[in-house]
Amino acid sequence: MRTVLVIGGSGTIGRAVVRELGKRHRVVTAGRSSGDHRVAIEDIASVRALFAKAGRVDDVVVACGALHVGPLDEMTQAQFRTGLDSKLMGQVNVALEAQHHLPDGGSITLTSGVDAHNPLRGCVNTVAVNNAVEGFAQGAALELQRGLRINVVNPSLLEESAQKFEALFHGFEPVSSARVARAYSRCVEGAESGKTYRAW
Ligand SMILES: NC(=O)c1ccc[n+]([C@@H]2O[C@H](COP(=O)([O-])OP(=O)(O)OC[C@H]3O[C@@H](n4cnc5c(N)ncnc54)[C@H](OP(=O)(O)O)[C@@H]3O)[C@@H](O)[C@H]2O)c1
């Protein structure tokens, strides 16, 4: 049995990942104000402290990270930085720390989003950041040592989130959280590295 750390484990995606991986593994969760441990992924010291207190972790999944949604002609630099600092650098922070804490053969799973490959109006920040997350994993996979793997799950809009985001995602077929969770299972329990698994 492996120990899987799910950051964002109490969120919409995180709960589904915990349900799926919890069938076969020990799962510990983390969030800013929820889960077994406290962490803010934007803060590298907080991420470092998480790995120090979490004990042995074989695999880490990140299912969180904030983005900015809004029109380009009104966008400020600070708004664009929202996604860079949170969803991109937050996940990069976790990977940078995880590579030194995970045992041989461990895995890192990050999260992007369907708009990376299907750009939508008002989603300049999300398209840029989600592509950058996938690019980071492609590059990092070449250099990770000791059999460590890194992959990305690219989920479409979840059924549970369809109402909240319906104005952005007209025409998209929402996916079940169980289907999305299986993509995370492939990342953690599979053998590949540097991949993006689409859950569309
Ligand atoms: N839902 C969808 O349909 C969908 C589709 C495609 C991609 N995504 C992406 O998947 C990720 C998760 O989405 P979600 O809908 O599951 O989000 P969510 O329901 O809002 O859950 C986010 C989870 O992460 C934790 N969290 C939030 N910010 C954090 C931070 N800075 N550091 C540590 N933990 C943090 C939250 O707990 P606390 O409040 O306790 O921190 C919560 O457990 C996002 O990056 C989103 O862009 C979502």
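Quick look at the numbers
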item	result
Qualifying residues in region 26-45 (those that are in contact (Cβ under 8 Å) with a residue 12 or more places away in the chain and of a type in the set (S, T, N, Q)) - the one nearest to the ligand (Cβ to nearest atom)	Ser34
Filtered residue count, region 111-156, keeping only those that are in a loop (DSSP other than H, G, I, E, B) and within 14 Å of the chain's Cα centre (by Cα)	3
Ser112 vs. criteria closer than 18 Å to Ile41 by Cα and in contact with a Cys (Cβ under 9 Å, 6 or more places away or on another chain)	no
Filtered residue count, region 46-55, keeping only those that are within 13 Å of the ligand (Cβ to nearest atom) and out of contact with any helix residue (DSSP H, G or I) (no Cβ under 9 Å at 6 or more places or on another chain)	1
Hits in region 99-143 (condition: β-branched (Val, Ile, Thr) and free of Cβ contacts under 8 Å to residues at least 40 places away in the same chain)	Val127
Residue among Lys23, Lys53 that is free of Cβ contacts under 8 Å to residues at least 24 places away in the same chain and touching a His at 6+ places or on another chain (Cβ under 7 Å)	Lys53
Top-ranked residue of region 10-25 - restricted to ones that are within 6 Å of the ligand (Cβ to nearest atom) and of a type outside the set (A, V, I, L, M), ranked as surrounded by the most Cβ atoms within 10 Å (Cβ to Cβ)	Gly14
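Where a number appears in this text, it was derived from the coordinates with a stated rule and is not lab data. Since the structure is predicted, the reported quantities are computational estimates derived from the model, not experimental observations. Backbone-built Cβ (ideal geometry, glycine too); neighbour counts: all protein chains shown.
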